[in-house]
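Here the structure is laid out as structure tokens; the discussion comes afterwards.
The values are calculated or read from the model by the stated rules, or taken from the named source; none is laboratory data. For clarity, every value in this text was computed on a predicted model and none was experimentally measured. Please note: Cβ atoms are built from the backbone with ideal geometry, for glycine as well, and neighbour counts cover all protein chains shown.
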Amino acid sequence: MLDRKPTPISGAKHGATGTVNASLTALHPQLPAADQRSASTVSTGPPALPEPISAPVAPWGRRRVLLLNATFEPLTALPLRRAVVLVVCGKAEVVHGDPTGIVMHSATSGVEIPSVIRLSNYVRVPYRGRVPLTRAGLMHRDRYRCAYCGGRAETIDHVVPRSRGGPHTWQNCVASCAKCNHKKADKLLSELGWRLRVVPAAPRGPHWRLLAGVADADPLWLPYLGEPAA
């Protein structure tokens, strides 16, 4: 029987570690010393790749793009994804890019994120006279100012309260700050001695139907929407 001398465990560990260090150095000849020391802690398997740095994710699902007819008439506000598809397919062109200058890249090309696009061909739109009453449209009409005190409007108030038979119409709804709305409650203006700063009326114009469905319009849209007025 052969008498074999056992190999010390510390020596085995040292030899294995030296082999791994040598292989890692060969794989990463240009790594700094600090990186090589961190890489030497890996005993088996391929070297770990550095984690990619993720950029801040913008709320793409909430972005809207103004769609103009071929005659520059405002039509509607599209979701960003739909607007990019129209541009890529050649059915629309970018009039104004997003103020951030972000470019969306695909495998073969890049598309500037648009804020305003225009159709390549004219589309006939049926006339629709009545503008639907929405919170966004009413805030745009009153320019986010309280109809009672002129402060920053946060809520919607019925001039003649609904509890007293007041209708839900453009002529009876105004923008109001929370303080005035709470103080007025279900009272009439004559009971409080208040007066409206501006007589409410239904807005008119092709752009008001669009504004009624958009809470925050991009400032680049304003030249195409006209000056909002009651």
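Take the residues of segment 157-172 that are hydrophobic (A, V, I, L, M, F, W, C) and modelled with pLDDT of 95 or more: which is farthest from Trp208 (Cα to Cα)?
Val160
So, Thr76, is that one among the polar types (S, T, N, Q) and more than 21 Å from Asp218 (Cβ to Cβ) or not?
no
Scanning segment 90-141 for residues that are modelled with pLDDT of 85 or more and polar (S, T, N, Q), which turns out nearest to Val65 (Cα to Cα)?
Of everything passing the filter in segment 90-141, Ser115 is nearest to Val65 (Cα to Cα).
In segment 166-201, what residues are surrounded by 13 or more Cβ atoms within 10 Å (Cβ to Cβ), free of Cβ contacts under 8 Å to residues at least 24 places away in the same chain and part of a loop (DSSP other than H, G, I, E, B)?
Gly166
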